[in-house]
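**Q** Questions regarding the structure given below will be posed in turn.
The values are calculated or read from the model by the stated rules, or taken from the named source; none is laboratory data. Everything numeric here is computed off the predicted structure, so don't read it as measured data. Cβ: placed from backbone, ideal geometry, glycine included. Neighbour counts: every protein chain shown. Please note that ligands, DNA and RNA were not included when accessible areas were found on the heavy atoms of the full protein model with its side chains. Shrake-Rupley method; radii C 1.70, N 1.55, O 1.52, S 1.80 Å.
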Amino acid sequence: MRGLTTFLWLLAVVAAGATTGRAETPVERGAYLVNTVMTCHNCHTPFGANGPDMARALTGGTPVFDTPAFRVRGSNITPDRQNGIGAWSDDDIEKALRTGVRPNGVPLAPPMPTGFYGVLTPADSKAIVAYLRTVKSSPNKVENPVYKAAVSREVFPGAETPVDPAVLTDKVKLGEYLVTIAHCMECHTPRVQGRLDFAAAGTGNQEFKGPWGVSTSRNITSHPTKGLGGWTDAEIKRALTEGISRDGTKLKPPMGYGFYSRMTPGDIDAVVAYLRKLPPRE
Ligand code: HEC
Ligand code: HEC
């Protein structure tokens, strides 16, 4: 009897996972979030000439974020107990992600987009932790962060509390959730005196310097000429997953199309549906 019940339960789980072909384990879900939509490698994996060096995945050290307020580097977030986060409890990691505070009480500088991660569903933040426990451990020692002024978080409006997973069956709500945890608005919102100006969210105009030279984030609101309003869904998807702009030019990093290319078609559709709803802004 017990065997049959287990079998039927498994069937139900597999049916529930039908959109992805089969049921996803928490570790698989965490891998999906970390390696695609949430682009953790953009800041926690050293980059080589051809993008992130996956042999050193999540071992930290680069990039360096050097501002008048702080000088920090992406941390080693592998399970090494000494130099990674192996000695942190699951709760410690979830708390750092959601609230931006380390177990020793020291706040994380804002390049770490914790101001967007408060919306994570409990299942998703646990899945991220479960996956981080499985990645290859590295003793890489990252230079200690230097804080020259008090660290102040930038919390995206509405991103403070976990989303109710039940609402994510709605395509636009799912898109909003994905765009939030992808921290698209951290890059696609202008900064005024160093702070994100959320009243202008989506209008872009932030500069990024790196091995690629300089890139400037663009307007991704539904504005018909300044934003994506005049683009077709296919053109937006191509930009997100292939890094090709409407006029055919190649987009530069840190736009994370290399990661988004492995998102599920359903999730990409949801992102596009939500971008369509962003109020047009110049
Ligand atoms: C835009 C860049 C960026 C992205 C994306 C990013 N991080 Fe971070 N993260 C940082 C930086 C920079 C630090 C170090 C901040 C400091 O030292 O104050 C950090 C710190 C951390 C820490 C604290 C580690 C420690 O030893 O104190 C954890 C845990 C962490 N990140 C996990 C993640 C995970 C998981 C993801 C993806 C879901 C992620 N980060 C995405 C930039 C980023
Ligand atoms: C780490 C910063 C960063 C993040 C995160 C980011 N982008 Fe971008 N994005 C950029 C930059 C910079 C460009 C312009 C690149 C260039 O000029 O070559 C860009 C370009 C784009 C374009 C092309 C617009 C055009 O006019 O060609 C779209 C669409 C876009 N981003 C949407 C998104 C969405 C949706 C997300 C979240 C899923 C996102 N971006 C996350 C930095 C970012």
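**Q** Criterion first (under 30 Å from PHE70 (Cβ atoms), outside the structural domain of ARG153 (by TED's automatic domain parsing), at pLDDT 95 or above and surrounded by 19 or more Cβ atoms within 10 Å (Cβ to Cβ)) does THR189 satisfy it?
**A** yes
**Q** With the requirement that a residue be outside any strand (DSSP E or B), at pLDDT 95 or above and either away from ligand 1 (no atom under 16 Å from the Cβ) or farther than 14 Å from ALA239 by Cβ (or both), what does segment 205-217 give you?
**A** Listed by number, the residues that qualify are ASN205, GLN206.
**Q** Pick out the one residue from ALA149, ALA166 that is in a helix (DSSP H, G or I) and over 17 Å from the mean Cα position of the chain (by Cα).
**A** So the residue among ALA149, ALA166 that is in a helix (DSSP H, G or I) and over 17 Å from the mean Cα position of the chain (by Cα) is ALA166.
**Q** At pLDDT 95 or above, within 25 Å of THR59 (Cβ to Cβ) and in a loop (DSSP other than H, G, I, E, B): is that true of THR134 in this structure?
**A** Considered against the rule, which asks whether it is at pLDDT 95 or above, within 25 Å of THR59 (Cβ to Cβ) and in a loop (DSSP other than H, G, I, E, B), THR134 comes out as yes.
**Q** Please go through (1) open to solvent by 30 Å² or more (accessible area, probe 1.4 Å); (2) of a type in the set (Ser, Thr, Tyr); (3) touching a residue at least 40 places away in the same chain (Cβ under 8 Å) for THR169 and return the number of the only condition it doesn't satisfy.
**A** Looking at each condition in turn, THR169 falls short on (3).
Every residue, every condition in (1) free of Cβ contacts under 8 Å to residues at least 12 places away in the same chain; (2) of a type in the set (Lys, Arg); (3) assigned to a strand (DSSP E or B); (4) under 23 Å from LEU168 (Cβ atoms), yes or no:
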site	(1), (2), (3), (4)
ASN219	no, no, no, no
TRP231	no, no, no, no
GLU235	yes, no, no, no
ARG238	yes, yes, no, no
ASP247	yes, no, no, no
PRO253	no, no, no, no
ILE268	no, no, no, yes
TYR274	no, no, no, yes
